[in-house]
1. So what is the 222 nm mean residue ellipticity for the chain from helices alone, if each DSSP H run of at least 4 adds -39500 (n - 2.57) and you divide by all residues, rounding to the nearest 500 deg cm²/dmol?
2. Taking the Cα centre of the range 171-224 as origin and charging only Cβ (+1 Lys, Arg; -1 Asp, Glu), how large is the dipole, in debye to the nearest 20?
3. To the nearest 20 debye, what is the magnitude of the charge dipole of the chain about its Cα centre, counting +1 on the Cβ of each Lys and Arg and -1 on the Cβ of each Asp and Glu?
4. Please report the orientation-averaged projected area of the range 158-224, defined via the convex hull of its C-alpha atoms, in nm².
5. Extent of the range 112-224 along each principal axis, from alpha carbon coordinates, in Å, largest to smallest?
6. Which of the aspartates and glutamates could a cross-linker bridge to LYS25, judged by Cα under 20 Å and excluding same-chain residues fewer than eight apart?
7. What is the local net charge at ILE105, summed over the other residues whose Cβ is closer than 14 Å to its Cβ (Lys, Arg +1; Asp, Glu -1)?
8. Looking at the range 1-102, what % of its DSSP beta bridges pair antiparallel, to the nearest 5?
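The values are calculated or read from the model by the stated rules, or taken from the named source; none is laboratory data. Everything numeric here is computed off the predicted structure, so don't read it as measured data. Heads up, the Cβs are rebuilt from the backbone with ideal geometry, glycines too, and the neighbour counts pull from every protein chain shown. Areas reflect the complete protein model, heavy atoms only, side chains present, ligands, DNA and RNA absent. Shrake-Rupley method; radii C 1.70, N 1.55, O 1.52, S 1.80 Å.
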Amino acid sequence: MILYSAPLSLFARKVEIAMAEKALKFERVMVPFSQTRGYAPKHPAVLAANPKGQVPVLVDGDLTLYDSTVITEYLEDAYPLPPLLPDDPVVRAQCRLLELEADEILLSPVRKLMHRSELPSPDAAARQQQEVEATEAEKLIAQNYGMLELKLASREFLCSAFTVADIATFMVVHYGLRPGAPSLSGHRNLLSWHQRLSRRPSFTNAIWEIDEADKLLSHPVTRR
């Protein structure tokens with residue numbers, strides 16, 4: 001297997017963690033990335049596989065896939081042990097919904113903070129507007145923390161066991177903390193869950209690599 005990834009791609013890291021949890025051996029190809037040029041030049045294999053030209057892209061024999069959710073669902077079908085989705089169809093559907101919420105709902109306000117790790121705009125008015133939007137986004141992120149806090153009140157993981165919902169949600173929460181999202185300190189259950197996952201080897205390695213990539217590729221974020 002070959003996985004096309006990128007040092008600061010949330011969705012590629014999501015797939016990497018899933019593959020590590022399943023102890024799958026694969027060759028990782030890191031595509032070029034910089035804060036000034038983005039993904040340029042785009043890798044020809046990624047362009048050929050994905051109409052969006054984005055990572056992750058997985059090649060497994062004659063099969064080529066893109067989109068982190070499609071890839072993780074394929075891995076679950078092709079390499080079912082250890083499972084990353086519950087057996088019960090109702091719980092399985094609920095778990096998939098939580099993954100979707102992480103990717104498409106929880107991530108939305110986090111995107112409003114990501115300019116902080118990029119080179120500042122030379123336009124002072126634009127920078128001010130970005131921070132106005134970021135401040136509003138932080139309020140929504142705090143609300144999302146409260147929702148996750150309630151979901152984790154009586155359970156160790158978001159579903160009946162550790163699943164892709166935990167991977168996807170962790171990545172969004174962790175990526176928000178990088179550019180200055182609210183602290184988790186006021187949410188005991190969420191903080192404990194984040195710390196517990198951070199100690200899993202698959203997460204520990206991804207976190208370390210993200211930190212190292214930030215040092216090389218990201219504009220330093222001023223912690224407030």
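1. On the way: 9 runs with 117 residues, N = 224.
The helix contribution divided over the chain gives -16500 deg cm²/dmol.
2. On the way: 8 positive and 4 negative charges, 59 e Å.
Taking the Cα centre of the range 171-224 as origin, the dipole is about 280 debye.
3. 660
4. Details: hull surface 19.7 nm².
For the Cα atoms of the range 158-224, the hull's average projected area reads 4.9 nm².
5. 48, 29, 21
6. Cα-Cα hits under 20 Å: GLU16, ASP60, ASP62, ASP67, GLU73, GLU76, ASP77, GLU209.
7. Numbers: positive: ARG96, ARG111, LYS112, LYS151; negative: GLU99, GLU101, ASP103, GLU104.
It works out to a net charge of 0.
8. Values: 8 of 12 bridges.
Here the share of antiparallel DSSP bridges comes out near 65 percent.
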